[in-house]
Every structure is written in structure tokens, then in C-alpha cells.
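Down below is the structure, laid out as C-alpha cells.
The values are calculated or read from the model by the stated rules, or taken from the named source; none is laboratory data. Here the structure is a predicted model, which means the values were calculated and not measured. Every residue, glycine among them, receives a Cβ derived from its backbone with ideal geometry; neighbour counts consider all protein chains shown.
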């Protein structure tokens, strides 16, 4: 679907549907919306004191891994899309969520083809710093 997601190439965002005939399947936006895990709390487990002291106010997000399901309307475009996103950090702009996510390609699952025309693939990304998300202006 045109306008559902954009990936930054060079200095401009390109619509993944217009460029690759790709769109995200149900559940992909939910994976992006999930809150990232927090890092372990800083603790003081001094033998002289009872219990463990948790030092608050230092909560930080940890990196996370997420899997996005993508539908391709042209199976010949899958490899060029994966080659494109493997180049490094990608910026994924999702207008319906109102955010820009900075992701790294991690791996891709098996390709499921339907009638030789359509295909789905699950691509796993890492979000190294969830705090670096940007709001869409």
C-alpha cells in the first residue's frame, strides 16, 4: 500500500511500495509499537546491609530485536530489497505510528510464495538504541 512506510536512501525517504512493491503485513506495526526492554538496574548488594538497594532514576532502554513480515507483489524484488537494507542502518518512517525508527538488518526467514506472484518474508532487525526514535514532523 502506497504511503504506509518509507526507508531513507541517500538523503530522501522512498516509499517501499513504489520502489519494491512491498508492504508490511498485520502485526508488523504492533512489533514496532512495543516498548523496548530496560537495562538491568544498578544495584548495591552490600553484605553489611539487609536486602539489595536499587538505585533509581537511571532507567535506560536496552537494544531489542524485532521481526517484521513483509508482502512483496513481485517476487523478483525480494533480493534487491534485502541487499538494499543490508547496507547498514536504515531509517524506517511509519506515518501511521508517527515515528522514524533506526534499525539494523539482522536476518531474513524463508520466502513463502503464493501463486508465483506474491511472496512474504519475515525480516529480523535490531533496534540498537530505542531512545533514538524520532517523531515525524
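Contact annotation: residue pairs with Cβ atoms under 6 Å, 6 or more positions apart or on different chains, pairing a residue in region 80-103 that is under 16 Å from residue 129 (Cα atoms) with a partner that is assigned to a loop (DSSP other than H, G, I, E, B) and modelled with pLDDT of 85 or more, are 99/133; 101/133. Note on region 121-137: residues that are without any contact (Cβ under 8 Å) to a residue 12 or more places away in the chain and within 20 Å of residue 26 (Cβ to Cβ) total 0.
Return the residues of region 66-80 that are surrounded by 15 or more Cβ atoms within 10 Å (Cβ to Cβ) and at pLDDT 90 or above; say none if nothing qualifies. Lay out the reasoning, then the answer.
To start, the set of residues in region 66-80 that are surrounded by 15 or more Cβ atoms within 10 Å (Cβ to Cβ) comprises 66-72, 75, 77-78.
Scanning region 66-80 gives 66, 67, 68, 69, 70, 71, 72.
Each residue in region 120-137 was checked for being under 18 Å from residue 66 (Cβ atoms) and either out of contact with any strand residue (DSSP E or B) (no Cβ under 6 Å at 6 or more places or on another chain) or not in a strand (DSSP E or B) (or both), and 6 of them qualify. The number of residues in region 97-119 that are in a loop (DSSP other than H, G, I, E, B) and at pLDDT below 90 comes to 3.
Restricting attention to region 109-120, does a residue exist that is under 18 Å from residue 20 (Cβ atoms), touching a residue at least 24 places away in the same chain (Cβ under 8 Å), under 15 Å from the mean Cα position of the chain (by Cα) and crowded, with 18+ Cβ neighbours inside 10 Å? The answer is no, given that none of the residues of region 109-120 is under 18 Å from residue 20 (Cβ atoms), touching a residue at least 24 places away in the same chain (Cβ under 8 Å), under 15 Å from the mean Cα position of the chain (by Cα) and crowded, with 18+ Cβ neighbours inside 10 Å. Could you tell me whether any residue of region 85-94 is under 15 Å from the mean Cα position of the chain (by Cα), part of a helix (DSSP H, G or I) and under 16 Å from residue 5 (Cα atoms)? The answer is yes, given that some residue of region 85-94 is under 15 Å from the mean Cα position of the chain (by Cα), part of a helix (DSSP H, G or I) and under 16 Å from residue 5 (Cα atoms).
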